[in-house]
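The values are calculated or read from the model by the stated rules, or taken from the named source; none is laboratory data. Everything numeric in this text was worked out from a predicted model, so none of it was measured. Every residue, glycine among them, receives a Cβ derived from its backbone with ideal geometry; neighbour counts consider all protein chains shown.
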Amino acid sequence: MKGATLTMEAIKHPITTEKAVRLMQTENKLTFIVDRKATKEEVKKALEELLNVKIEKINSLITHSGHKKVYAKLSKENPAIDVATKLGFM
């Protein structure tokens, strides 16, 4: 997970469930499925580069199906709902 392909390898896809949308609105968080081997720091750097935003915090978990899910809390200057709309998630 090093080099220029970090972004493509680390981030698989966004999650746009009802819960994810609620987190966007209430807690300014975006939710993604990422490579299971990616560290929080790698995911943070990849998301900041890909989305061109400042990430305050990353929380991660392994789902029951074996995927790694991350919750990325964006800085207050970047509303998550606006970022998601701009990128076509919403």
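The residue list Leu23, Leu61 contains one member that is at pLDDT 95 or above, surrounded by 14 or more Cβ atoms within 10 Å (Cβ to Cβ) and touching a Lys or Arg at 6+ places or on another chain (Cβ under 6 Å), which is Leu23. Beta carbons closer than 9 Å, at least 6 apart along the sequence or on distinct chains, pair a first residue in the range 72-90 that is closer than 20 Å to Ala46 by Cβ with a second that is among the basic types (Lys, Arg) and assigned to a loop (DSSP other than H, G, I, E, B) for Leu74/Lys54; Ser75/Lys54; Glu77/Lys54; Asn78/Lys54. Scanning the range 39-56 for residues that are in contact with an Asp or Glu (Cβ under 9 Å, 6 or more places away or on another chain) and closer than 15 Å to Pro14 by Cβ gives Val43, Ala46, Val53, Ile55. For the range 1-20, the candidate set comprises residues that are in contact with a strand residue (DSSP E or B) (Cβ under 7 Å, 6 or more places away or on another chain), surrounded by 14 or more Cβ atoms within 10 Å (Cβ to Cβ) and not in a loop (DSSP other than H, G, I, E, B); within that set, the residue that is modelled with the lowest pLDDT is Ala10.
Per-residue answers, yes or no, for (1) under 16 Å from His13 (Cβ atoms); (2) under 13 Å from the mean Cα position of the chain (by Cα):
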| site | (1), (2) |
| --- | --- |
| Asn59 | no, yes |
| Ile62 | no, no |
| His67 | yes, no |
| Val70 | yes, yes |
| Asp82 | no, no |
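Determine whether the range 29-44 contains at least one residue that is surrounded by fewer than 17 Cβ atoms within 10 Å (Cβ to Cβ), on the phi < 0 side of the Ramachandran plot and of a type in the set (Val, Ile, Thr). Yes, some residue in the range 29-44 is surrounded by fewer than 17 Cβ atoms within 10 Å (Cβ to Cβ), on the phi < 0 side of the Ramachandran plot and of a type in the set (Val, Ile, Thr). Among the residues of the range 28-38, just one is polar (S, T, N, Q) and either over 10 Å from Ser60 (Cα atoms) or free of Cβ contacts under 8 Å to residues at least 12 places away in the same chain (or both), namely Asn28.
Tell me, which residue of the range 34-57 that is in a loop (DSSP other than H, G, I, E, B) and over 21 Å from Arg22 (Cβ atoms) is farthest from the chain's Cα centre (by Cα)?
At the first step, the residues of the range 34-57 found to be in a loop (DSSP other than H, G, I, E, B) are 35-39, 52-54.
Now restrict to residues that are over 21 Å from Arg22 (Cβ atoms): 35-39, 52, 54.
Numbers: Asp35: 12, Arg36: 13, Lys37: 15, Ala38: 12, Thr39: 13, Asn52: 12, Lys54: 11 Å.
Step by step, filter the range 34-57, then rank; the result is Lys37.
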